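Coordinate-derived values only; no laboratory data. These numbers were taken from a predicted model, which means no experiment stands behind them. Methodologically, a virtual Cβ is constructed for each residue, glycine included, from the backbone with ideal geometry; neighbour enumeration extends over all protein chains shown.
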Amino acid sequence: MNICLINPESTLKKNKSNLALDNLEVGYMAAVLNDYVDRIDIFDMDVSLIDFDTIINVVLHNKYTIIGIFLYHYNHYNAVRLINKLKKKSNDFHIVVGGYYPTLHYEELLENIDGIDYCIVGEPEFIMKDLIHSLDNNIPLNKIKGLAYIKNKEVIFNGRRGAIKDIDVLPFPIRVENKNYAPMIVSRGCYENCIFCVMRKFSSTFQGFLRKRSVTNVIDEMEYLSKFGVRKVYFVDNNLLFCQGGRYEHWVKIFCEELKKRELDISYCSYARPKDIILQKEYLPSLKSTGLEKLNVEVQNFDPKTIRYYKKDTTLSENVEALQLLAENNILYSVLMIIFHPTVTIKEILNNLLIFKEIQFYEKAHITQTPLTCFPPLFPLRDTYFYDLLLKSPHQYSYYINGDYFFCYNGVNDLYKIIIKWKAIIMNVEQTFFENKKNTCISNGENLLNIKSKVLKLDLLFFINACELMLKGECPVQLQKRLINKWNDKLQEIINEK
C-alpha cells in the first residue's frame, strides 16, 4: 500500500520562512506507519515550496491508496480546497483527515465535505495504523476506536480512544528536509486552561493529560539528529521546564546531567512558563552550560486583571521574577505578549509597558524578540474559551470583524490605529534588516544584537509615548503623523549607525 501525508499551507503565513519547521504530527505519523506500508511520502506545504497543482499531479501519478491530510484551524481553508480538488480528479483513493479540527468537528466535516472518507479523532498515529490494517485486509472498521466515517448517509463514530500514555513508544519523527536545525517535542498535552488556546479542549476529548518523554528518549533523539548535521533544536512545546508533580520533579536536573555526559555539539531553544522558570531556577546555570540559547517566555501580560481574564496560571510578580532570573543567568529570552484585548484600557497598556521599561527587557532579549507594537491582539480562535465568551457577550461580540479589531473603549481604538501605522514601519525593518540573521545570536556578531536591542527599546519608548499623549487627550489624527515621523527619524538613525 502506498500512502502520502500532506500538511496544507497555513493561511496565516504570508511569506515562506527560512526557518520553517517540520510539522511533527506528520513526522510522527510517518514514522509509526513506515513499517506497515510499501511507500510513504510527506508533503509539508509550510516547509517545501510546492503548490496544489504539483501535489495533485504527484498524487495521481503515484497512485496512493490513502491520502492523509492534517487539518487545523489555521489551514482549514487550504485543506478543504485541496480535498475538493483531489476528489474532482479521482476517487481511486481514501482521504483521511486528522488534527485538532477533525477531532473537535468530525461530524461537521463528514456532513459537509464529500471528499472526506474518514476523520481521526484524537492522537492519530495508531488510529491510522489500525485503519490501514483494516483496509488492507478487508476487516470491518467498527472496532477502530477514534475513527469517524459516513455509512448509509449517517455519521458513524466508533468511540473515543484514550491518549498514548507512554509517548516514548513513538519512534522519532521523520522529517521532510535535512537542515542544521530541527523541531522536537518534550511532551504532549497541557495542564493550563488559557482563554485563547485550543489545546486543552482538544486534549480533553481523549483524556490527553500532560505527558513528558523520558530524559533518555529526548536526548537520544537530539543525539540522533546531531549525526545528520543538526546543530540546533527547537523544542516547540512549552514543557521542557515543567516539574510539578512527583513524576517529573527531577526531570530537568537529570536532563542537564545526561546532556552534559553526552557532550553533544548542539544548542537548543524552548518555550517556558514564568512559574516553571522560577521553580527550576537552581538549574538555569546548568541549562545554559549545556546549550540553552533562548527561552520563549509565555508572559502574555503583566496586568493582574488581564492575567485573570486570560486564565493564566501566573502573577505579575512571577512574570517579572522569571525575566529577572534569566537576565541574572545571562540567558537570552523572547517575551510573548498579548497586549490588546476587547476591554483593555490605555492605562492598563501603559502599565505593561512601564514594567518592560523598568526591567530593561531589551538588554537580554534574543534577536528573535518581536517588538512590542507588533504583537497581534487577542484572537478569537474557534474552540477557545475566548471565542465562546465573545458569542455570549453582546458588548464584545463585534470585537473582530473581517480582520479588523474593535475595542470597547474609543481611546484604545485610536491608539491601535496609531500602532498599526508604526507596526508597518518596524516590521519592514525586522524583515529587511534582521530576517536573514534571525536565529543566530552573539555568534553572528555583538553589533547585530546591540542594534536589535536599540530597536526594541525605541519601539517600547514609542509605544509609551503614544499612550501618554493619548491619555493627555491629544487629537489622535494630529498625533499620528507627528508621532510616527518623530520616532521614525530616530529609528533610521539606529539602522544607519556604522
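Which order do Thr216, Thr370 fall in if you start with the one that has the fewest other Cβ atoms within 10 Å? All intermediate terms of the calculation are to be shown ahead of the outcome.
Values: Thr216 12, Thr370 18.
Fewest to most other Cβ atoms nearby, the residues stand as Thr216, Thr370.
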Q | Which of Val344, Val252 has the fewest Cβ neighbours within 10 Å, and the rest in rising order | A | Val252, Val344
Q. Which number do you get for Rg(Cα) / (2.2 N^0.38 Å) in region 449-497?
A. 1.24
Q. Tilt of helix 446-471 relative to the longest C-alpha principal axis of the chain, in degrees (0 to 90, nearest 10)?
A. 70 degrees
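Can you give me the orientation-averaged projected area of the convex hull built on the Cα atoms of region 120-209, in nm²? Intermediate results must be reported in sequence, preceding the final value.
Working: hull surface 34.7 nm².
Projected over every direction and averaged, the Cα hull of region 120-209 covers 8.7 nm².
Rank the residues Thr432, Thr103 as a footprinting-exposure proxy: fewest other Cβ atoms within 10 Å of their Cβ go first.
Working: Thr432 10, Thr103 27.
With the fewest neighbours first, Thr432, Thr103 line up as Thr432, Thr103.
Would you kindly give the portion of the calculated P(r) for the chain that falls above 36 Å, as a percent of all Cα pairs? All intermediate terms of the calculation are to be shown ahead of the outcome.
Details: 44561 of 123753 pairs.
In whole percent, the long-distance tail amounts to 36.
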Q: Please report the Cα spread of region 2-157 along all three principal axes, rounded to whole Å, starting with the longest.
A: 44, 32, 29
Q: May I ask you to work out the translational diffusion coefficient for region 358-498 at 25 °C, viscosity 0.890 mPa s, via Stokes-Einstein with Rh from the Kirkwood sum over Cα pairs, reported in whole µm²/s?
A: 145 µm²/s
Q. Going highest first, how would you order 141-148, 385-392 by mean Cβ packing within 10 Å?
A. 141-148, 385-392
